[in-house]
Amino acid sequence: MGGLADLGINLPVLVAQIVNVAILLGLLYLVAYRPVMRMLDERSRRVKESMAQAESIKEQAAHAEEEVKKQLEAASREGQGKITRAVQTGEEVKQKAQEEARQATETLLTRARHEIQRERDEAIEEVRKEVADLTIMVAGKVIDRSLDKKAHRQLIDRVLEESTRRKKK
């Protein structure tokens, strides 16, 4: 044992120090290591849960984004359908207005033709009367006597009607 003492090592102090270090390590293990390890395990578990939760939120966000895209596409299709229906309705209204305008034009043309025909008939009748009056006057001057105006007018009207009937056939 002298060799250790020469080195400056005192065996009883060395054993006491080894026992003290062992007791200290045992106490640190019980007091500090286990709680620190539990705390680190708990923190690791929370990090894993947070990662899982973040992954879940990421998936939900992806699903929500996909759903939004679907809704946008559906809204776009619906909007396009409404635009198409509006264009078709506009075309129908346009065609209806054109048809109404065409019918109104035809009605006006028909009325105008009837009015022209009526005025023409009135003008022809007036001309006949004038011709009849002139014929009576000319005949009266030619014969130099006064004819019965009423009888002569009836005769001229009958002749004019017969000639009109022949022209129409």
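Of note:
- Over the residues of the chain, the helix contribution to mean residue ellipticity at 222 nm works out to -33500 deg cm²/dmol, using -39500 (n - 2.57) for each DSSP H run of at least 4.
- Listed residue (117, 57, 29) projecting farthest to the positive dipole end of segment 1-117, Cβ model: 117
- Counting 0.36 nm for each residue step from residue 103 to residue 74 and taking away their Cα separation leaves a gain of 6.2 nm.
- Dipole check for segment 2-168: with +1 at the C-beta of Lys and Arg, -1 at the C-beta of Asp and Glu, and the Cα centre as origin, the magnitude is about 800 Debye.
- Within segment 12-169, the ratio Rg/Rh, alpha carbon atoms throughout and Rh by Kirkwood, equals 2.05.
Values quoted throughout were computed directly from the atomic coordinates according to the rules given, and no laboratory measurement underlies them. What you see is a predicted model, and the numbers here were worked out from it, not measured in a lab. We place every Cβ from the backbone using ideal geometry, glycine too, and count neighbours over all the protein chains shown.
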